[in-house]
Amino acid sequence: MDRINVDCCTEETERLLSHLVAVASCKFEDATNMPPNLCRDLGIAHLEHENIWKRDWVCAGLAAEIPNAGDYLTYSVADEAIYCIRDEKNSVRTYSNVCRHRMMQLLEGRGNSQRITCPYHAWTYDLKGKLVVAGQMQQSKVFEKAKICLPEFRTEIWHGFIYVTLNKDAQSVKELLTPLEDQVARYDMANYIPVVNQDHTWNTNWKLLTENFMEGYHLPVAHKETVGAWVGLNDTVFPDEVYESFTYQTFTKAKGATYGTAHADNTTLKEHWRYTTVMPTVFPSHMYVCAPDHMWYLTLRPRGVGQVDVRFGVSLAPELYHSFENREQSVKELIEFFDKVNEEDRQVVEGIFKGSKSEYATPGPLSWLERSIHDFEQYLANRLSK
Ligand code: FES
Ligand SMILES: [Fe+2]
């Protein structure tokens, strides 16, 4: 992949890239953390914007979060405001969230609308992004209603996730994630029922949160009060191969775990799969825990080098969702539980970002449980240094 803009690269950026390439290309047993300033350098952030965010697929949310025609959610890709909407034919489509009149943002948050009406002068678009109403335009000689349409972006649904890219030439998600297919298919997570989605901003670099979510090493320590208590870390299994666009691992949950094992009414998962979780990261920024009873995902957008916008969601296996006697109370408890887990993660990833500015910060060696971090380093080196 060609680097788009090398002018932004200072000597420090070049030094960081060389260091990244060296770390990424060494054997895993020799691998270390990435250089600390990689998460602070503006030149690196610029390269990420051009070579990652404008080119790769990002996850905007779950198709099940917008189940009906006209349901939409807003997001952004490489700072481009977008919205994903379900059309009359049940397809999820993605459009620029910028009015073709005078650039007003059309939609905010989530909702349902059969027509998208701009809050500024009421130009109105249908579910295919086509302009259908624009008042008081009869005297304009350059207004051609039939030609005005919101730009549409490539969208693919993969096991219930909505992936979007600005890149017309990107390889399809289906092809990129083929080797991941067998790992997640058994859970049927596209049919899990969403119970929560939230947006937060944390004070850290996006890469530090990606790394944190990918590794189980911190679970018994940083999450000892929550998920850490149930994880069988020594059962962790990584793929034999290193893949270009994703990584994953599987691990087990203790049989008495509150969340993470198959409900008694689940008759499709057998033997150890009843308590096994798969944890993929689709690079650059989509991480999830797919367990027999729930799916928990994060998708990230950088906000400069020192902040990250975090979209967080949880969905539940139908047999668990339908088994609750008091669903409202059970979902409330689940949300409180995951809020606690997120808070535990926020503390550490904000702490690492603070640590990264120390002149004494140094890239430490990786545990065998941090194999995914080395996979991520290879992805970053591949995208940023060619
Ligand atoms: S900016 Fe949208 S109608 Fe004017
Ligand atoms: Fe964590």
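The values are calculated or read from the model by the stated rules, or taken from the named source; none is laboratory data. Small disclaimer: the values here were computed from a predicted structure and weren't measured. When we count neighbours, we look across all protein chains shown, and the Cβ atoms used for this are built from the backbone with ideal geometry, even at glycine.
Scanning the stretch 19-66 for residues that are aromatic (Phe, Trp, Tyr) and in a helix (DSSP H, G or I) yields PHE28, TRP53.
Taken over the stretch 194-231, the criterion of being surrounded by 14 or more Cβ atoms within 10 Å (Cβ to Cβ), aliphatic (A, V, I, L, M) and either farther than 16 Å from MET279 by Cβ or away from ligand 2 (no atom under 13 Å from the Cβ) (or both) is satisfied by VAL195, VAL196, LEU208, ALA229. Residue pairs whose Cβ atoms lie under 6 Å apart, separated by 6 or more positions or on different chains, with the first residue in the stretch 127-154 and of a type in the set (Lys, Arg) and the second more than 13 Å from ligand 1 (Cβ to nearest atom) and not in a helix (DSSP H, G or I), are LYS130/CYS149; ARG154/THR165. With the requirement that a residue be under 16 Å from ALA69 (Cβ atoms), within 15 Å of ligand 1 (Cβ to nearest atom) and surrounded by fewer than 14 Cβ atoms within 10 Å (Cβ to Cβ), what does the stretch 90-129 give you? The answer is ARG115, and nothing else. Among the residues of the stretch 50-81, just one is of a type in the set (A, V, I, L, M) and either within 16 Å of ligand 1 (Cβ to nearest atom) or at pLDDT below 95 (or both), namely ALA81.
For the stretch 36-59, state whether one or more residues are farther than 30 Å from ALA22 by Cα and either of a type in the set (Phe, Trp, Tyr) or surrounded by 17 or more Cβ atoms within 10 Å (Cβ to Cβ) (or both). No, the conditions are met nowhere in the stretch 36-59.
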